[in-house]
Amino acid sequence: METERLVLRRWREEDVAAMAAVNADPEVMRWIGDGAVRDEAATRSAIEAVERAWEHEGFGLFAVEVREGGRFAGFTGLAVPHFLPEVLPAVEIGWRLGREFWGKGYATEAARAALRFGFVDRGLNQILSISQPQNTASERIMAKLGMRLLHETVDPSAGRTARVHGLSRAEYEAGERRTGARG
């Protein structure tokens with residue numbers, strides 16, 4: 001898929017090292033799980049799991065690259081949040097971009113495309129997004145997407161507070177009609 005400035009695509013071998021560099025940045029990983037950084041082996045394993053999810057679920061995380069120059073930026077997309085069993089069955093939208101791509105609107109742009117993919121192309125009825133309360137940047141993106149806070153809980157995989165946000169297909173469609181948004 002393409003947006004005005006981005007390409008959302010399946011993963012390639014050369015993405016492993018680029019994503020590993022993103023995952024090795026403590027500031028990027030600060031609000032992910034327990035905040036631990038991940039090495040190249042863990043990144044490769046995660047990308048392999050993402051590709052299996054695509055085959056099994058029909059959706060997954062897209063590699064995101066900036067159209068101008070083709071630079072790898074990170075990921076956005078859909079996943080089943082197995083780390084938070086209390087919300088299952090569910091689909092979560094998430095994003096993770098390298099720091100050099102922060103503050104440019106890329107995460108919101110990519111997430112809007114992934115949300116559309118989930119609701120329009122895959123026919124999902126609800127999409128969640130899960131954050132830690134201090135991750136105000138991600139929560140601003142959730143608000144821009146039209147998501148609302150559903151409840152707070154504890155992420156058992158990290159022992160941290162998790163805020164569960166959601167958007168239904170009906171809410172998404174009403175927002176699209178209201179704004180006349182496309183893609």
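The values are calculated or read from the model by the stated rules, or taken from the named source; none is laboratory data. All values reported here derive from a predicted model rather than from experimental measurement. Every residue, glycine among them, receives a Cβ derived from its backbone with ideal geometry; neighbour counts consider all protein chains shown. Accessible surface is based on the protein model in full, side chains and every heavy atom, while ligands, DNA and RNA are left aside. Shrake-Rupley method; radii C 1.70, N 1.55, O 1.52, S 1.80 Å.
For the range 14-77, a crude dipole built from +1 on the beta carbon of Lys and Arg and -1 on the beta carbon of Asp and Glu, taken about the Cα centre, is about 120 debye to the nearest 20. Once backbone amide H atoms are built at 1.01 Å from N, residue 73 has 64, 65, 66 as its partners under 5 Å, excluding neighbours fewer than 5 places away on the same chain.
If only the Cβ of Lys and Arg carry +1 and only the Cβ of Asp and Glu carry -1, the dipole of the chain around its Cα centre is close to 640 debye. Net length available on complete extension from residue 45 to residue 17 is 8.9 nm, with 0.36 nm assigned per residue and the Cα-Cα distance removed. In this structure the chain gives 51 Å² per residue of accessible area when probed at 1.4 Å with all protein chains present. To put it simply, the accessible area of the range 111-183 at a 1.4 Å probe is 46 percent carbon and sulfur. Which of 107, 60, 147 sits closest to the plus end of the dipole of the range 1-150, meaning its Cα is farthest towards the positive end, when Lys and Arg get +1 and Asp and Glu get -1 on the C-beta? Toward the positive end, the furthest listed residue is 147. Potential lengthening of the chain between residue 68 and residue 122 amounts to 16.6 nm, from the contour at 0.36 nm per residue minus the alpha-carbon distance. Residue-wise HN-Hα couplings along the range 98-103, as the Karplus relation 6.51 cos²θ - 1.76 cosθ + 1.60 with θ = phi - 60° gives them from phi, are x, 4, 5, 9, 6, x Hz; Gly and Pro carry x.
The orientation-averaged shadow of the Cα convex hull for the range 6-52, equal to a quarter of the hull surface, comes to 3.7 nm². The three principal axes of the C-alpha atoms in the chain carry coordinate ranges of 42, 40, 33 Å, sorted with the longest axis first.
For the chain, which longest stretch is free of loop sites, where a loop site is one of the GluC sites (Glu not before Pro) that DSSP puts outside H, G, I, E and B and that has at most 11 other Cβ atoms within 10 Å? No qualifying site falls inside 69-183, the longest such stretch.
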